[in-house]
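Nothing in this text is a laboratory measurement; each read-out follows from the coordinates by a stated rule. Every value quoted in this text rests on a predicted model; they were computed, and no experiment measured them. Cβ: placed from backbone, ideal geometry, glycine included. Neighbour counts: every protein chain shown.
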Amino acid sequence: MKFAIFTHVPHSKADNQYYAYAPYVREMNVWGENVDELVIVAPFFIGDATAIDIPYVHPKIEFISVSNFDVLTFKSIVQTILKLPALLIILFKEMQAADHIHLRCPGNIGLLACLVQIVFPNKSKTAKYAGNWDPKSKQPWTYKLQKWILNNTFLTRNIQVLVYGEWEGMSHNIKPFFTASYNAHDKVPLAQKSLNEIIDFVFVGALVQGKHPLYAIQLVENLHQKGYAVRLNLYGDGVERKLLEDYIVKQQLQSIVSLKGNQTQDIVKKAYQNSHFVVLPSDSEGWPKVIAEGMFWGCVPLATAVSCVPYMLDYENRGVLLTMNLESDSAKIERVLQNQSDFDAKRKKAAEWSRMFTLDVFEEAIKKLIV
């Protein structure tokens, strides 16, 4: 089977291997186990892979480079219009040659691929919508357009669209799904964690405004000021790093807040294992892997109520839903910190839930979609 992936994720090449963002590649390697040939249609950049990039693992890979684009400014709109004919021709040719079409959405390449796939109603297709499918959420019009096309059973046929959560108005194209990071053999017993020791919080993700890493710092700072022995490690990098560094120095938080930068999966896994809480005060998510991964290792999740997060946290039975009000959220966390049995119960429920979604289960579910 010739399996063609259409994605906006940027790729690089080294030692005759293609690299991209690790969580995405890990998932695509699972899909790749079930196909003879992998065709990747994606943007390419010349540069070194970072600590958060890993290579594809497949014996037969063909990479088709396409230009990235956006419609954020007048200049970029003009440039996009000039690029469109060549982009559409490439997407059409690769879909025509493929046995199975796989779309990665939302994204700019995903948007064009959503349009082009319409002319291939008989081709076998899957799509992964990695964003928030909630129809009531505020999203860019390009995201809403992709969701409308994918949900439309007249325009989009012979497809299974994988989304996070169950939502009103879903057509038979749409299939609630999940993702995974760890195997069944990783389900080792949880180590006990006392609230009488230093209480560790971990943030994992891009240091960008939409993830609100500053708010994570302020939460821990607020608890520290109230006398709790707390500590926060942030893993990831991004445009807000300098702002965070300046804030840490200004507020004299160097002893309790550390910026660790981008790190490997093993280092981040150890951070989860050593932490009491995983925090993600994000504006928008699909299925936040960070939260699911932290829960797998017994971290009590602290996350905003976006997309399917309330379901993941069982409406605060296995975590705390953040409101982005510092005093209110701090008070919620304090109630957990003052009750060891509640903390133990939440982390036990969190781990039990997350450990249902292992890579072994994920691999079997993927195999049913394309075999």
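Couple of notes before you dig in:
- Taking every DSSP bridge with both residues inside the chain, close to 15 percent are antiparallel.
- A Cβ-based charge dipole, computed about the Cα centre of the chain with Lys and Arg at +1 and Asp and Glu at -1, lands at about 540 debye.
- Of S284, S67, S307, the one that fluctuates the most in a GNM where the chain has Cα springs shorter than 10 Å: S67
- Across the range 188-354, the relative contact order, built from alpha-carbon pairs under 8 Å that are at least six residues apart, equals 23 percent.
- Per-residue HN-Hα couplings for the range 361-366 [Karplus 6.51, -1.76, 1.60; θ = phi - 60°; Hz; x = Gly/Pro]: 5, 4, 4, 5, 5, 5
- Projecting label points 7 angstrom from Cα along Cα→Cβ for S67 and A365 puts them 3.8 nm apart.
- Of (1) 72, 49, 42; (2) 77, 53, 42; (3) 63, 43, 43, the label for Cα extents along the principal axes in Å derived from the coordinates: (3)
- For the range 1-47, chymotrypsin sites (Phe, Trp or Tyr not before Pro) meeting the loop criterion (DSSP other than H, G, I, E, B) and having at most 15 other Cβ atoms within 10 Å: F45.
- Exposure here means at most 15 other Cβ atoms within 10 Å; with GluC sites (Glu not before Pro) in a DSSP loop as sites, the longest stretch of the chain lacking them is 198-371.
- Mean Cα-pair separation over length for the chain, i.e. relative contact order, pairs under 8 Å, 6 or more apart, %: 14 percent
- Rounded to the nearest 20 debye, the dipole size of the range 127-208 about its Cα centre is 420 debye, using +1 on the Cβ of Lys and Arg and -1 on the Cβ of Asp and Glu.
- Helix axis angle, 22-32 relative to the chain longest principal axis, alpha carbon, degrees: 50 degrees
- Mean Cα-pair separation over length for the range 138-255, i.e. relative contact order, pairs under 8 Å, 6 or more apart, %: 19 percent
- Principal-axis analysis of the Cα atoms of the chain puts helix 326-337 at an angle of about 70° to the longest axis.
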